[in-house]
Amino acid sequence: MSEETAKAAEKSFDYDRVETLLQEFLHKKGVMVPILQKIQAEFGYLPRPAMEYVAKRLRIPVSKVFGVATFYAQFHLHPRGKNIVRVCRGTACHVRGVSKVAEKMQEILGVGVGQTTEDMNFTYEEVACIGACGLAPVMMINDQTYGKLTPEKLKGILKNY
Amino acid sequence: MYERHILICAGTGCISSGTREVKEALENELIKHNLQDKVRIILSGCHGFCEKGPIFIVYPEDIFYCEVKAEDMPELVEEYLVKGNIVERLLYKDPTTAGTVTSHEEIPFYSRQKRQVLRNCGVIDPENIDEYIIRGGYIGLKKALGMEPLEIVNTVKSSGLRGRGGAGFPTGMKWEFAHRSPGDKKYVVCNADEGDPGAFMDRSVLEGDPHAVLEGLIIAGRAIGSDEAYIYVRAEYPLAVRRLRTAIAQAEEYGLIGQNILNSGANFKINIKEGAGAFVCGEETALLASIEGERGMPRPRPPFPAVKGLWGKPTCINNVETLANVPLILRNGADWYSAVGTEGSKGTKIFALTGKVNNTGLCEVPMGISLREIVFDIGGGIRGGKKYKAVQIGGPSGGCIPESLLDLPVDFDSLTAAGAMMGSGGMVVMDEDTCMVDLARYFLSFTQRESCGKCTPCREGTKRMLEILERITRGKGEPEDIPRLEKLAVAVKDSSLCGLGQTAPNPVLTTLRYFRDEYEAHIFDRRCPAGLCRDLLTYYIDAEVCTGCRSCVKACPAEAISGEKKEPHAIDEAKCISCGACFDRCKFGAVKTK
């Protein structure tokens, strides 16, 4: 993003939405992670102006907010797709051949790890373990878990989204 | 009055196998036969036998149906609920005897277990506090409220309970430190940041029996003198979070949490904190930093959290499974509890049995059982008649146990002596097709990615180790790589700040100890004995098996396969990029590797 577009984005940003979210957290301790979780739930990612606003309101440096946001895998600094595909790279899935499933999924979607399809419909991610090891290999699309995957099953599943 | 109760498993595994659809179809069929007032449907917690889900049990007869589908409901209702004929094809088939089994107690997967902590999982409706209470729930708390705090500590101490989250520190001692630590405000924290890939027992307990964890937490609070608790749970477990919130609301309504609990004069409050996806937050000081809203990085100990923990106050941190053991100890006494297990490890342990084994799922076994019993009796042996190679215990902090140690008793001390560790209890079984060097590389890539970067040995050391392992699996290993790995492993183990770095080299060290020949084959012979490492494979077509169907020719992206229709094909090794597309495509098993 060039400096000009960044400034324009800042200008048009709806700070009221962030202010509303902040209400329940003001004057409490240990709230940074839940605040960022709320903002992400609202916007789908963490817009830069929102993080700057949080820093201002909590009277802490922006670097501190940015530090927390970049530490945790769950937070995203760029807009994400409508549907989030998370392929599990846990041990049980690894041993039962998830690599081929992951490759096929990236091939179908045409994007790599952490990337979003051009139509903004899917974001492809890989996670360490979703705890459904009994059904390995597994993936999640949004909150729905799909187990016993093979590369051949993927297209049929994606049709529902 | 209901004549029958039907339990359908609503754990995450079974839901993904179709529990919701089954329930809906069942409801429709019940209405069709006018049975809706005679049969009660209960969505239960995890039964542990995720492989065979959805699990469907009919009481009072205790008929165990598995892998049921919505389409099966008309037949099941008509034949069984109306006419009383058991639907044979939906029963469990024992792979060893090929016979069918009706009751779940006859299934070897269950009959060899000792389900104490999991006693309610799959049996009760986890969203209904009354069902927990009917099965003896909150009796332990009631007893604890009538005891002096130090008496509770001593009971847990003499039960011999050790922490189930990884290191196996005696729980009673941990409580005693926090109890003796001076301070007017203290915290108890439940560590539900189950991050070990391959382990999901905490998830199942939280989803299937959330009140057991709450009860353990309240008792812990009473013992150390704390009136406030945090449950730090992974955000990747949305169902567990939801069930915990429901359970907390119900417990508040019943006066088990809140002001003046059960008229004892004591107050107790439970907060939920959702994690945000960082493996290192399973380490206790990192977890506390994360609750405080900081980057979840560990700090040196001492001071231990029992002295200086959350917001500088004395804090006691216990894992989910540990806390779920506590109500049982209070209810039945320390002697009852310590009657099960070995000298140094009391009670039971839940393992997540996964990988190349016939029965995958959760199993709870007495401490001291042999690995062989878990893998071959409960797990039903290796899939597809293949040969056992190793079992990986303890996730990224653990190690691989070879066939020669299968009779090892499973407890904290013998596993540590073998170079592995109990960890959280992930148990991934591997067969001859698993490459041990690739497995070590896999674990290192995980710990390397999750290293928080605070201390140099872990940040740099794991990176260098990973580079060496990647080189070896790509066929570019150097003869000095094995001693290099060993040297680095020891340095990282000895000098890292927290448990993540101190245990990260374990998968490398145990594979080097028990499967050194595989490393040597990769480095000196440029060969992967398991036939997994792509860059070391040469594909060829067995002319005797090939039918000449040309499907591999079409699948090959490098145009390396030639041959006429109905004539055996051949791979041009010079053009082949070893992608394996032909291998996957061939229906006849004619594509082979050497």
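The values are calculated or read from the model by the stated rules, or taken from the named source; none is laboratory data. No experiment lies behind these values; they were computed from the predicted model shown. Positions of Cβ are generated from backbone atoms using ideal geometry, with glycine treated the same way; all protein chains shown enter the neighbour counts.
Before moving on, here are some points about what is shown:
- Restricting the first member to region A:23-34 and to residues that are facing chain B (nearest Cβ under 7 Å), and the second to residues that are of a type in the set (S, T, Y), the beta-carbon pairs closer than 8 Å and six or more apart or on different chains are A:V33/A:Y72; A:V33/B:S290.
- Qualifying residue in region A:98-119 (condition: within 20 Å of B:R234 (Cβ to Cβ) and assigned to a helix (DSSP H, G or I)): yes
- As a summary of the residue check, B:T447 satisfies the conditions (1) outside any loop (DSSP other than H, G, I, E, B); (2) modelled with pLDDT under 95; (3) hydroxyl-bearing (S, T, Y); (4) out of contact with any Phe, Trp or Tyr (no Cβ under 9 Å at 6 or more places or on another chain) except for the one numbered (4).
- For region A:1-53, the tally of residues that are at pLDDT 85 or above, outside any helix (DSSP H, G or I), more than 13 Å from A:V65 (Cβ to Cβ) and not hydroxyl-bearing (S, T, Y) stands at 8.
- Single residue of B:E75, B:E67 found to be exposed (fewer than 15 other Cβ atoms within 10 Å of the Cβ) and either within 14 Å of another protein chain (Cβ to nearest Cβ) or in a helix (DSSP H, G or I) (or both): B:E75
- Which listed residue, of B:T434, B:T462, B:T447, B:T456, is in contact (Cβ under 8 Å) with a residue 24 or more places away in the chain, hydroxyl-bearing (S, T, Y) and away from chain A (no Cβ under 14 Å): B:T462
- Residue, farthest from the other protein chains (Cβ to nearest Cβ), within region A:123-159, restricted to residues that are farther than 28 Å from B:E194 by Cβ and surrounded by 13 or more Cβ atoms within 10 Å (Cβ to Cβ): A:L158
- Region A:92-114: number of residues that are touching a Phe, Trp or Tyr at 6+ places or on another chain (Cβ under 7 Å) and closer than 22 Å to B:F279 by Cα: 2
- Yes/no for B:K346 being among the basic types (K, R), more than 14 Å from chain A (Cβ to nearest Cβ) and within 23 Å of A:V31 (Cα to Cα): no
- From the list A:A102, A:A136, the one residue that fits, being within 22 Å of B:Q392 (Cα to Cα), outside the structural domain of A:K38 (by TED's automatic domain parsing) and in contact (Cβ under 8 Å) with a residue 12 or more places away in the chain, is A:A136.
- Hey, B:I272 surrounded by 22 or more Cβ atoms within 10 Å (Cβ to Cβ), in contact (Cβ under 8 Å) with a residue 12 or more places away in the chain and closer than 25 Å to B:A144 by Cβ or not: no
- Members of region B:393-415 that are touching a residue at least 60 places away in the same chain (Cβ under 8 Å) and under 24 Å from B:S338 (Cα atoms): B:G394, B:P409, B:V410, B:D411, B:F412, B:D413
- Looking only at region B:518-559, and only at residues there that are assigned to a helix (DSSP H, G or I) and within 19 Å of B:R585 (Cβ to Cβ), the one that is modelled with the lowest pLDDT: B:R534
- Leading residue by the ranking (farthest from B:F49 (Cα to Cα)) among those in region B:346-358 that are modelled with pLDDT under 95 and outside any strand (DSSP E or B): B:K356
- Among the residues of region A:23-36, those that are buried (at least 19 other Cβ atoms within 10 Å of the Cβ) and within 21 Å of the chain's Cα centre (by Cα) comprise A:M32, A:V33, A:I35, A:L36.
- Of the numbered criteria (1) at the interface with chain B (Cβ under 10 Å from one of its Cβ atoms); (2) surrounded by fewer than 20 Cβ atoms within 10 Å (Cβ to Cβ), the one A:M120 fails is (1).
- Matching entry among B:L287, B:L328, B:L323 (being within 25 Å of A:V33 (Cα to Cα) and under 26 Å from the mean Cα position of the chain (by Cα)): B:L287
- Only one entry in A:Q106, A:Q115, A:Q74 is within 7 Å of chain B (Cβ to nearest Cβ), more than 23 Å from B:K52 (Cβ to Cβ) and out of contact with any His (no Cβ under 8 Å at 6 or more places or on another chain), namely A:Q74.
- Restricting attention to region B:372-397 and to residues that are farther than 13 Å from B:G355 by Cβ and at pLDDT 90 or above, the residue that is surrounded by the most Cβ atoms within 10 Å (Cβ to Cβ) turns out to be B:I378.
- For region B:227-249, the set of residues classified as at the interface with chain A (Cβ under 10 Å from one of its Cβ atoms) and not basic (K, R) consists of B:Y230, B:A235, B:E236, B:Y237, B:P238, B:L239, B:A240, listed by residue number.
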